[in-house]
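The values are calculated or read from the model by the stated rules, or taken from the named source; none is laboratory data. Keep in mind that what you see is a predicted model, and the values were worked out from it rather than measured. Cβ atoms come from the backbone with ideal geometry, glycine included; neighbour counts cover every protein chain shown.
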């Protein structure tokens with residue numbers, strides 16, 4: 001391949017992966033065309049893309065970007081899976097998709113500059129909470145003491161209200177209320 005063609009491919013990769021903060025690097029060697037098309041179709045419905053890359057040229061395109069640390073895993077047939085709501089959601093989708101597919105192998109993943117190596121790393125990433133899930137946990141933790149405080153304040157007030165209602169019921173029924181000492 002001539003140098004101008006290689007430069008053109010590197011520019012195309014730079015344009016395609018511009019703004020991509022994380023992804024999963026996979027090997028799809030041995031996957032038949034029908035399975036590959038089904039996987040891509042299902043994933044594109046979730047706004048997840050799969051791009052087969054030329055290793056050396058992708059390594060050059062990744063330089064100076066958030067994907068740079070994936071360069072050392074670019075060997076053999078490689079495809080970058082990227083997009084979706086978050087890298088964690090993407091990892092969950094691709095791990096679920098690969099459960100019964102031996103032809104899909106995980107090389108690495110990257111999230112916020114942290115590299116997850118191999119199958120174990122990508123599976124660990126898939127178990128992380130998404131940003132929304134993490135925010136929900138934080139909100140729950142922040143509100144939990146307030147709920148407990150509200151329950152503690154509301155408890156005695158509820159008992160007093162019960163006593164007032166009982167007095168009201170007795171007075172309406174014409175009963176006398178005895179004073180307790």
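Count, please, the residues in the range 52-84 that happen to be in a strand (DSSP E or B) and surrounded by fewer than 17 Cβ atoms within 10 Å (Cβ to Cβ).
1
Kindly evaluate residue 170 against the criterion of being under 48 Å from the mean Cα position of the chain (by Cα) and at pLDDT 70 or above.
no
What's the number of the condition residue 12 fails, among (1) at pLDDT below 85; (2) surrounded by 10 or more Cβ atoms within 10 Å (Cβ to Cβ)?
Tallying (1) at pLDDT below 85; (2) surrounded by 10 or more Cβ atoms within 10 Å (Cβ to Cβ), residue 12 fails exactly one: (1).
Just need a number here: residues in the range 15-37 that are at pLDDT below 85, within 27 Å of the chain's Cα centre (by Cα) and farther than 21 Å from residue 74 by Cβ.
1
Which residue pairs have Cβ atoms under 7 Å apart, sit 6 or more places apart or on different chains, and have a first residue in the range 98-109 that is outside the structural domain of residue 34 (by TED's automatic domain parsing) and a second that is surrounded by 23 or more Cβ atoms within 10 Å (Cβ to Cβ)?
Hits for this filter: zero, empty list.
Restricting to the range 85-111, count the residues that are part of a loop (DSSP other than H, G, I, E, B) and farther than 14 Å from residue 25 by Cβ.
7
Does residue 29 satisfy being free of Cβ contacts under 8 Å to residues at least 60 places away in the same chain and in the same structural domain as residue 108 (by TED's automatic domain parsing)?
no
Give the number of residues within the range 109-135 that are modelled with pLDDT of 75 or more and on the phi < 0 side of the Ramachandran plot.
16
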